[in-house]
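Since the structure comes first, as structure tokens, the remarks are kept for the end.
The values are calculated or read from the model by the stated rules, or taken from the named source; none is laboratory data. Here the structure is a predicted model, which is why all the values come from computation and not from measurement. Note that each Cβ is placed from the backbone with ideal geometry, even for glycine, and that neighbours are counted across all protein chains shown. Each accessible area value is taken on the protein alone, full model and side chains, heavy atoms only, with ligands, DNA and RNA left out. Shrake-Rupley method; radii C 1.70, N 1.55, O 1.52, S 1.80 Å.
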Amino acid sequence: MSAENQMDVARKKNMDFDIDEKLDVPQYKQDAFGDEEFAEVKYKVLRWWQCGLLMVAETVSLGVLSLPAAIAGLGLVPAIIVLIALGLIASYTGFIMGQMKLKFPHITTMSDAGEVVGGKIGREFVGICWILFFIFIMSSHLLTFTVAMNTITNHGTCSIVFGIVGMVLSFVCSLPRTLEKMSWLSIVSFCSIITAVLITMIAVGIEKPGDGVKAVADTNLYHGFTAVCNIVFAFCGHGAFFGLMAELKNPKDFTKSLCLLQGIDICLYLVASVVIYVYAGDSVTSPALGSASPIVAKIAYGIALPTIVIAGVINGHVAFKYVYVRIFRGTDRMHKRDWIAVCSWGGIALGMWVLAWIISSAIPVFSDLLSLITALFASWFTFGFPAILWLFMNRGLYLSSWKKIVLTVINLLIFALACAICGLGLWVSGKALHDNPSSASFSCANNA
């Protein structure tokens with residue numbers, strides 16, 4: 001029997017996968033959600049603008065609140081340069097992920113991409129890191145919720161109580177299983193954070209609590225790189241991109257969703273962070289909503305509460321979906337609404353929110369937690385891993401043309417950037433956690 005006939009027989013015996021002849025990598029014909037024509041629960045229903053709004057909601061929320069303090073740490077000119085540069089790099093790495101999804105349609109998560117590149121070991125290693133990343137992101141939202149409630153109520157009760165309230169509220173909002181339902185919440189989230197930031201900008205512009213603007217700050221490696229980590233965190237939405245692409249009606253529309261996200265976040269980050277820093281100066285706080293007067297800060301945090309909760313829920317939803325798909329992939333349970341399906345989803349969500357609450361109580365300082373998340377995970381999922389994906393998709397072609405040579409050098413530099421952010425970020429976050437006198441774990445103290 002000829003080789004072609006043998007391949008035809010193999011395909012008829014196993015219709016679940018095909019072989020990409022160029023890359024010699026198993027490529028499943030159907031994604032995790034399969035044929036949904038008669039399904040009770042349908043996942044692949046997102047339009048591109050809904051996907052874009054979800055990306056805005058899960059990326060912009062806490063990122064914009066950390067940037068004014070980052071500008072204070074670097075100075076106005078260096079911070080603007082770093083912010084624009086990292087934004088453009090994040091746009092490019094997001095585009096790489098979109099190309100990877102089109103080449104390997106079965107990819108639903110970072111873990112699936114890890115399997116394509118590194119086999120079973122790659123799948124499990126990337127999957128564990130990816131889940132931990134989302135749990136840390138969820139914890140940062142719970143921490144911000146406690147800061148907001150302490151600000152609004154003048155520390156009306158123990159911070160641990162506020163954290164538990166935020167955990168329960170986030171869990172309840174996490175119960176819907178499809179991102180389409182979450183997309184409508186994302187509109188509320190976006191309006192919430194925009195309004196809160198605008199109120200803060202207007203308030204600091206009127207009050208002018210600052211002591212002048214520094215074009216270049218008098219800083220050191222420790223403080224300067226802490227600021228860089230906070231800027232990196234503002235662009236760390238990439239962890240959710242494969243999950244969002246998986247629920248698009250047409251995965252090719254992801255580029256439009258990415259342009260919507262990056263256009264909004266780069267412009268918003270620049271305007272909000274520069275205006276707040278120019279008027280608040282070195283007195284700027286992190287989160288930035290506390291930079292205005294106490295009354296305005298309470299109003300701003302009250303308006304920002306929806307995005308603090310919803311953005312955390314959207315990030316959590318992607319993590320829950322990964323575990324749920326790993327358990328029920330290829331079964332009818334993926335599309336059922338019976339008690340086993342509902343209870344399984346609820347149990348997964350509850351377990352992860354409890355872990356997130358434990359982390360938020362153990363590291364109760366906002367900027368320190370963001371630096372740690374950036375160093376451990378955002379450096380790789382935003383920059384390093386997408387560069388690896390490009391190198392994998394183009395292996396054997398690195399020197400095939402001048403364009404490929406340039407792109408190869410660019411992706412190697414992006415990988416080196418991820419290594420630097422990870423190494424230096426771990427040092428600055430570890431030092432910050434050690435030195436900060438207000439970082440008592442599981443404390444009732446006011447963290448506002």
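The rows are residues; the columns are (1) surrounded by fewer than 23 Cβ atoms within 10 Å (Cβ to Cβ); (2) at pLDDT 95 or above.
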site	(1), (2)
A356	no, no
I373	no, no
A387	no, yes
L391	yes, yes
G396	yes, no
L407	yes, yes
L417	yes, yes
K431	yes, no
C444	yes, no
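Is it true that S61 is touching a helix residue (DSSP H, G or I) at 6+ places or on another chain (Cβ under 7 Å), within 28 Å of L185 (Cβ to Cβ), of a type in the set (G, A, S) and modelled with pLDDT under 85?
Working: touching a helix residue (DSSP H, G or I) at 6+ places or on another chain (Cβ under 7 Å): yes; within 28 Å of L185 (Cβ to Cβ): yes; of a type in the set (G, A, S): yes; modelled with pLDDT under 85: yes.
Considered against the rule, which asks whether it is touching a helix residue (DSSP H, G or I) at 6+ places or on another chain (Cβ under 7 Å), within 28 Å of L185 (Cβ to Cβ), of a type in the set (G, A, S) and modelled with pLDDT under 85, S61 comes out as yes.
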**Item:** G330 being at pLDDT below 90, over 24 Å from the mean Cα position of the chain (by Cα) and assigned to a helix (DSSP H, G or I)
**Value:** no
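Within region 389-415, can you find the residues that are under 19 Å from G114 (Cα atoms) and either in a helix (DSSP H, G or I) or in contact with a strand residue (DSSP E or B) (Cβ under 8 Å, 6 or more places away or on another chain) (or both)?
The first filter runs over region 389-415 and keeps only residues under 19 Å from G114 (Cα atoms), leaving 389-395, 411-412, 414-415.
Listed by number, the residues that qualify are L389, W390, L391, F392, M393, N411, L412, I414, F415.
Quick test for you: out of V409, V428, pick the one residue that is in contact with a Ser or Thr (Cβ under 6 Å, 6 or more places away or on another chain) and over 15 Å from F136 (Cα atoms).
On the way: V409 fails: in contact with a Ser or Thr (Cβ under 6 Å, 6 or more places away or on another chain).
Checking each option against the conditions leaves just V428.
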**Item:** Hits in region 290-323 (condition: surrounded by fewer than 24 Cβ atoms within 10 Å (Cβ to Cβ), of a type in the set (S, T, Y) and in a helix (DSSP H, G or I))
**Value:** Y322
**Message:** What are the pairs with Cβ atoms under 7 angstrom where one residue, in region 188-217, is basic (K, R) and the other, located anywhere, is open to solvent by less than 30 Å² (accessible area, probe 1.4 Å)? Sequence gap at least six, or different chains.
**Reply:** K214/G75
**Request:** Take region 80-106 and flag every residue that is in contact with a Cys (Cβ under 9 Å, 6 or more places away or on another chain) and surrounded by fewer than 21 Cβ atoms within 10 Å (Cβ to Cβ).
**Result:** S91
**Prompt:** Of all residues in region 334-344, which are without any contact (Cβ under 8 Å) to a residue 24 or more places away in the chain and closer than 25 Å to V126 by Cα?
**Reply:** S344
**Message:** I need the full set of residues from region 269-289 which are under 19 Å from T195 (Cβ atoms), assigned to a helix (DSSP H, G or I) and either aromatic (F, W, Y) or open to solvent by less than 30 Å² (accessible area, probe 1.4 Å) (or both), in order please.
**Reply:** Y269, A272, S273, I276, Y279, A280, A288, L289
